[in-house]
1. When you check residue 125 against the structure, is it farther than 24 Å from residue 41 by Cβ and free of Cβ contacts under 8 Å to residues at least 60 places away in the same chain, yes or no?
2. Counting just the residues of the stretch 202-214 that are touching an Asp or Glu at 6+ places or on another chain (Cβ under 7 Å) and small (Gly, Ala, Ser), which one comes out farthest from residue 144 (Cα to Cα)?
3. Out of the stretch 69-119, which residues are of a type in the set (Phe, Trp, Tyr) and either surrounded by fewer than 23 Cβ atoms within 10 Å (Cβ to Cβ) or in a loop (DSSP other than H, G, I, E, B) (or both)?
4. Scan the stretch 124-154 residue by residue and report those that are among the hydrophobic types (A, V, I, L, M, F, W, C) and either within 30 Å of residue 274 (Cα to Cα) or within 15 Å of the chain's Cα centre (by Cα) (or both).
5. Are any residues in the stretch 253-280 closer than 22 Å to residue 141 by Cα and either at pLDDT below 95 or outside any helix (DSSP H, G or I) (or both), and if so, which ones?
6. Looking at the structure I just gave you, is residue 194 more than 20 Å from residue 167 (Cβ to Cβ) and modelled with pLDDT of 95 or more?
7. In this structure, does residue 9 turn out to be at pLDDT below 55 and either on the phi > 0 side of the Ramachandran plot or part of a loop (DSSP other than H, G, I, E, B) (or both)?
8. Regarding the stretch 205-213, can at least one residue be identified that is in contact (Cβ under 8 Å) with a residue 24 or more places away in the chain, in contact with a Gly (Cβ under 8 Å, 6 or more places away or on another chain) and crowded, with 22+ Cβ neighbours inside 10 Å?
Amino acid sequence: MKRRTFIQSSVATSAAFVGATTSSQATPSSTKAEPFKMKFAPHLGMFKHHAGKDPIDQLKFMADQGFSAFEDNGMREREVSLQEKMGKTMADLGLTMGVFVAHKIYWKEPTLTTGKEDSRAEFLDYIKKAVDVAKRVNAKWMTVVPGHLDLRQDMGYQTANVVETLKRASEILEPHNLTMVLEPLNFRNHPGLFLTKAAQAYLVCKAVGSPSCKILFDIYHQQIQEGNIIPNIKKSWDEIAYFQIGDNPGRKEPTTGEIHYKNVFKVIHEKGFTDVLGMEHGNSRPDKEGEQAVIDAYRAVDLD
């Protein structure tokens with residue numbers, strides 16, 4: 001499932017049910033499961049067959065299943081009233097808000113890589129508005145994708161252009177203790193993008209030199225792009241602020257593909273990571289049985 005699909009489907013879900021009350025037809029379980037040891041974060045729609053379509057009921061179901069975090073790529077585009085309602089619900093349930101996408105992503109045309117002031121100004125305006133979104137939902141992190149390569153410029157100049165823009169964005173975020181996390185994406189799902197590898201993201205973050213500019217290490221994307229997952233996590237560790245999950249092939253829950261998530265999570269834990277790991281993947285099976293399979297998979301790969 002592509003990021004655009006996640007955003008489009010999740011925004012459509014909230015738009016359809018923004019007027020719904022918390023007492024929808026779905027009835028969250030009265031029995032709470034054992035909390036997960038790691039801070040795994042589902043997204044809207046992942047458990048819709050159990051919880052119904054109302055975003056608030058879905059949050060309640062996640063908490064009842066033992067999840068302690070939530071992420072939402074499409075939060076920026078939701079109605080302010082729903083953002084506030086979801087923020088309050090997460091606070092009441094003890095759910096940590098993970099990432100949301102901070103800006104409009106240009107998938108097929110260069111923007112930040114060009115160094116053009118109009119593209120830079122548009123991006124920085126999105127970052128300013130994202131601060132308000134973050135405050136409404138108690139978020140600390142927001143996803144940033146620098147966009148497409150500018151094939152008319154040397155990679156060095158493109159990197160300098162991106163770094164300069166991210167420095168200016170960091171100046172906006174630092175007073176609010178917010179962090180944009182840069183996500184390298186793989187060539188198969190998103191061909192032609194500027195940011196693809198862990199080492200490249202590491203270099204950019206070092207050049208920006210701000211606590212408000214860190215790496216989102218998406219394990220699914222990096223398995224496809226370059227593999228070598230555990231060594232790359234260790235090499236770029238001091239610039240990683242957030243992880244996302246998805247097995248390969250298929251971009252479904254752990255245990256459905258080739259990635260040994262039990263080992264990966266052990267390393268992440270041993271390195272001292274206690275923040276959010278976003279479940280940015282689809283379900284390998286449909287309906288309630290498939291949703292339960294996702295929960296069971298995370299029980300299987302959680303810390304012992």
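1. Considered against the rule, which asks whether it is farther than 24 Å from residue 41 by Cβ and free of Cβ contacts under 8 Å to residues at least 60 places away in the same chain, residue 125 comes out as yes.
2. 210
3. Quick first cut of the stretch 69-119, residues of a type in the set (Phe, Trp, Tyr) only: 70, 100, 106-107.
Answer for the stretch 69-119, where residues must be of a type in the set (Phe, Trp, Tyr) and either surrounded by fewer than 23 Cβ atoms within 10 Å (Cβ to Cβ) or in a loop (DSSP other than H, G, I, E, B) (or both): 100, 106, 107.
4. To start, the set of residues in the stretch 124-154 that are among the hydrophobic types (A, V, I, L, M, F, W, C) comprises 124, 127, 130-131, 133-134, 137, 139, 141-142, 144-145, 149, 151.
Listed by number, the residues that qualify are 124, 127, 130, 131, 133, 134, 137, 139, 141, 142, 144, 145.
5. If the condition is that a residue be closer than 22 Å to residue 141 by Cα and either at pLDDT below 95 or outside any helix (DSSP H, G or I) (or both), then 271, 272, 273, 274, 275, 276, 277, 278, 279, 280 are the ones that fit.
6. Details: more than 20 Å from residue 167 (Cβ to Cβ): no; modelled with pLDDT of 95 or more: yes.
Against the criterion (more than 20 Å from residue 167 (Cβ to Cβ) and modelled with pLDDT of 95 or more), residue 194 does not qualify.
7. Working: at pLDDT below 55: yes; either on the phi > 0 side of the Ramachandran plot or part of a loop (DSSP other than H, G, I, E, B) (or both): no.
Against the criterion (at pLDDT below 55 and either on the phi > 0 side of the Ramachandran plot or part of a loop (DSSP other than H, G, I, E, B) (or both)), residue 9 does not qualify.
8. No, because not a single residue in the stretch 205-213 is in contact (Cβ under 8 Å) with a residue 24 or more places away in the chain, in contact with a Gly (Cβ under 8 Å, 6 or more places away or on another chain) and crowded, with 22+ Cβ neighbours inside 10 Å.
The values are calculated or read from the model by the stated rules, or taken from the named source; none is laboratory data. In this text, all values refer to a predicted model and were calculated from it rather than measured experimentally. Virtual Cβ from ideal backbone geometry, glycine too; neighbours counted across all protein chains shown.
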